[in-house]
Amino acid sequence: MAGQSTVIIGFDAISPLGRDLETQWQRALMGRSGIGQLTRFVAGNDFPVHIAGQAPDIDNLDFSFLTARHRAAWSSPVFKYGMLSVERALAESGIEISAELAPKVGVTFSSAVGGLDAVLHADRNMRDAGKLPPPYTNPNSCINMVGGKIAMQTGATGPILSTITACATGLTSMLMGDMLIKERRAEVVICGAVDFALVEPIVAGFATMNGAYSPKPGQEDDPPESASRPFSIHRRGFVISEGAGAIILANSDFANTHGLHHKIELAGWSMTSDAHHFVAPHYPTVRRCMAEAIEQAGISPADIDAVNAHAASTRAGDKVEADALCAVFADSPPPVCANKSVLGHCMGASSAIESIFSFKGMTDSLLPPTINYTPDPEISIDCVPGEHRRLEQEYILKNSFGFGGCNSCAVFRRIS
């Protein structure tokens, strides 16, 4: 067991910034927003949300894992986007899941929202046209079916579970993957998350609970790309987005034995429950989650070179996170990146995509900027405003927090 760790051997993402990872990363470094007008459905003048972060279309790609007939059956986009990100992450890893290896390959890839769009579409057809739901309706809506389809796609027959922790789902999938590896239940785990929540009642529901971005009266015509404003004094809620991120974890001994390239390891992590409020963050448990992740990594807060923040652009959430960072780092936090300023909030997939951006930043020694930033006198952090920054990073703290008080924090280490 000595010397064994969990390492990242492959990753891929699809987001409002693009469908290939390098394009997304370069756009993030340039501070280019992926947020624009909402076109997933017709939003009338009285609809409360008119902007979103929409993932690019991928229907013109050749899906070796999903035939034309099955594309129609698996109609929710969570399947094709999730499966494409996994296919590409596995290709990058160089791993081949043979019949011998398959029982030691786990799947924790999941979703926070899943394929609810398929059920809503079927309900409308029943109501408006009297048509019974297609046979694949219920399977589309089962959240665990996302991981199930990925297991079928890859042949992985090891442990499989759906790690649903709302907006922290993507990161939590990695933490559970690490647990499977450390418990010797798997040598490789397919992690990540996918969410496509731009569905009318879901979008409207985020608006009625005062979570989604709402422009200040008189500023309704402000450009969409200026709407996501993490840590800024004029932040006004999160921008709903969509996307997928896949991360392949492996036991370091397995990776070394099989010549699998890796530069990043999952050094430590923590999960806490707020046990406080269904959406409002709770400072004590948020702070403890960060501190425990750093402690488990066997380092001190001073060793953390940068933070990849949850930073959803809400008034309460950003303040609690900033206060917790100041407490953990004795009022001197390292630079803090807020990727949602360019991505919007990709729900459960957000922390997977943001973790991938952290991996890119660590290997390239760069921090992407936080855009749309106007300082808030109540928040004392360096959020890398304006332009990207060159910085060597050995340790990164990644924060992610979800509805229901689900907190997940991880420390990633660059392997020299």
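The values are calculated or read from the model by the stated rules, or taken from the named source; none is laboratory data. Quick caveat: nothing in here was measured; it's all calculated off a predicted structure. Cβ: placed from backbone, ideal geometry, glycine included. Neighbour counts: every protein chain shown.
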Any residue at all in segment 119-126 that is in contact (Cβ under 8 Å) with a residue 60 or more places away in the chain and under 30 Å from Lys340 (Cβ atoms)? yes
Just give me the residues in segment 302-333 being over 18 Å from the mean Cα position of the chain (by Cα), part of a loop (DSSP other than H, G, I, E, B), touching a residue at least 40 places away in the same chain (Cβ under 8 Å) and over 29 Å from Ile190 (Cβ atoms), in sequence order. Asp331, Pro333
Return yes when Glu292 is surrounded by fewer than 24 Cβ atoms within 10 Å (Cβ to Cβ) and either touching a Cys at 6+ places or on another chain (Cβ under 8 Å) or part of a helix (DSSP H, G or I) (or both) and no when it is not. yes
Test for Ile356: is it part of a strand (DSSP E or B) and either without any contact (Cβ under 8 Å) to a residue 24 or more places away in the chain or touching a helix residue (DSSP H, G or I) at 6+ places or on another chain (Cβ under 9 Å) (or both): no
Of all residues in segment 377-392, how many are basic (Lys, Arg) and either crowded, with 18+ Cβ neighbours inside 10 Å or part of a loop (DSSP other than H, G, I, E, B) (or both)? 1
Subset of segment 362-402, residues farther than 27 Å from Val279 by Cβ, touching a Gly at 6+ places or on another chain (Cβ under 9 Å) and of a type in the set (Gly, Ala, Ser), comes to Gly386
A careful count of residues in segment 393-411 that are part of a strand (DSSP E or B) and more than 15 Å from the chain's Cα centre (by Cα) gives 3
Scan of segment 27-60 for residues that are under 19 Å from Glu242 (Cα atoms), within 19 Å of the chain's Cα centre (by Cα) and not in a loop (DSSP other than H, G, I, E, B), ordered by number: Arg27, Ala28, Ile35, Ala52, Gly53
Residue under evaluation Phe63, criteria (1) in contact (Cβ under 8 Å) with a residue 24 or more places away in the chain; (2) assigned to a loop (DSSP other than H, G, I, E, B), criterion not met: (1)
Being β-branched (Val, Ile, Thr) and assigned to a loop (DSSP other than H, G, I, E, B) is the filter here, so list the residues in segment 359-376 that pass it. Ile371, Thr374
Determine whether Ala297 is in contact (Cβ under 8 Å) with a residue 60 or more places away in the chain, over 21 Å from the mean Cα position of the chain (by Cα) and either buried (at least 21 other Cβ atoms within 10 Å of the Cβ) or not assigned by TED's automatic domain parsing to the domain that holds Asp382 (or both). yes
From the options Gly18, Gly44, Gly36, residue that is surrounded by fewer than 21 Cβ atoms within 10 Å (Cβ to Cβ), at positive phi and not assigned by TED's automatic domain parsing to the domain that holds Ala349: Gly18
